[in-house]
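Read the figures in this text as sums done on the coordinates, not as results from a lab. Not measured: the values here are computed from a predicted model. Here Cβ is always computed from backbone atoms with ideal geometry, including for glycine, and neighbour counts include all displayed protein chains.
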Amino acid sequence: MRILFVASELFPYVKTGGLGDVMAALPRAMRALGADVRFLLPVYPSIRSEFKILGEAAALPELMGGGPARILRAEAPGLPLYLLDQPAFFDRPGGPYDYPEDLARRFAALAWAAAHLGRVGDADGWRPDVLHGHDWPTGLMPAYVAYGDGPRPGTVMTIHNIAFQGRFPAAMLGDLWLPRHAFTPEGVEFHRDICFLKAGLKLADRLTTVSPTYAREIQQAGGHGLEGLLAHRSGSLRGIINGVDRDVWNPAKDPNLLSRYDLKHPARRWPNRPDFQRRMGLQEDSEAPLFAAVSRLDPLKGLDLVLDNVDHLVSSGAQLAVLGTGDPHAEGAFRQAAQRHPGRVAVFIGYDEALAHRAFSAADVVLVPSRQEPCGLTQLYAQVYGALPLVRRTGGLADTVVGATPNTLADDTATGFMFDTASGWALGEAINRVLALFRDPAAWRQVQRRGMMTDFGWEGPARAYLDLYASIPSKGA
């Protein structure tokens, strides 16, 4: 089976969150199972010099008002690539979602290029059986397939975060190369706007999201206005849990760590703790429970609940390290907390991949108090690295963490801690449970070991996606 993945991010070349990590691992896992998977990505400045160009797959004299474009063939380690080379849209500094003045046309260009490969194929005759788009930047891809001429590949849309939908004015319909009859509730229209994600969810053959619980939540109160559509398409919607790329996230061979370790050598984890404390400006306190948060500072991530508990953590003898960037108010509040508790609270504003790895290898507890979390990779990384996740019961957090209770401790299934209500008080009560277990080293090691033993590999999810592709009815040549 020939599959073309289409996305706006691919680790390590461009990443703003978990999407880039998933895109780096899932296609390779499918290729390991024998599928012919390739990947279409824009040529950002950060990747222009990363790849040897193998040839030109297609030449496009004009694309979405951004001038000439080419689809180039290249190769990442273990993954054939197509690169959308359109300098007017993509060859400029900043992140992939900067420059709002042409955001719609830019990602419409990516979606149209994918549909072109799906209908026409490349210069060597390779044409995918399935186009698989990820999140709103690829949402118009199924529309271009549905409204275009020629062969129609199967289409799949995956929701990594339904809060981001790609809504733009109706007046842009022509600018986005969409026919007038597309602007209906059965097409791309959503509350009188053009909505990229809604278009994909309406017109794709199959829909997926990144955990079974999140698949249920987005058909109810968590769908950000798309609940009705998703409930209507529930028969085509499937939740498939993400995995962990053990070539990148593996404490036994992680080059970012001072000391590498595994289940057979848990004591080797310990030197990472004072190393991380020094790097963050925390006191080298070997007795203090070390809590860490590695997250976007976004209201949906629930970091305000952590702010509500900073003083509680410090007064309980714990330390807190926060790594993240986002909401300026949250950034300022965490900086103030660090100033208020020097040596006990430390904050790094920004994203540093190596420092994030060190945080997971050093922390006793990783905080993931999200109000909504489609799957979450943070809690998976925490378990792999022997840090106990403290999560709110939502989305993929509910599917991937077993909260410590008397029953789960007795049957050795606990892998972390869980709370239900999105409030500072509820998180504080969960912190008290964490601190109580921390005072029982044998019980703590039991939970830590169980988390490290959990299999979060990509082979199972890859097989599930391949089964999904096989369920799409053939549309002929």
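At-a-glance table
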{"quantity": "Ranked Arg392, Arg180, criterion: other C-beta atoms within 10 Å, fewest first", "calculated": "Arg180, Arg392"}
{"quantity": "Theoretical ellipticity at 222 nm over the chain - DSSP helices of four or more residues, -39500 (n - 2.57) apiece, nearest 500", "calculated": "-10000 deg cm²/dmol"}
{"quantity": "Additional length obtainable on full extension of the chain from His181 to Arg433, 0.36 nm per residue less Cα span", "calculated": "85.0 nm"}
{"quantity": "Inter-probe distance in nm under a simple model that places probes 7 Å from Cα toward Cβ, at Glu459 and Asp327", "calculated": "4.2 nm"}
{"quantity": "Net length gained if the chain between Lys253 and Glu227 were fully extended (0.36 nm per residue, minus Cα distance)", "calculated": "5.1 nm"}
{"quantity": "Met30, Met141 arranged by Cβ crowding within 10 Å, fewest neighbours leading", "calculated": "Met30, Met141"}
{"quantity": "Share antiparallel - DSSP beta bridges, the chain, percent rounded to 5", "calculated": "30 percent"}
{"quantity": "Fewest-first sequence of Tyr13, Tyr82 by Cβ atoms within 10 Å of each Cβ", "calculated": "Tyr13, Tyr82"}
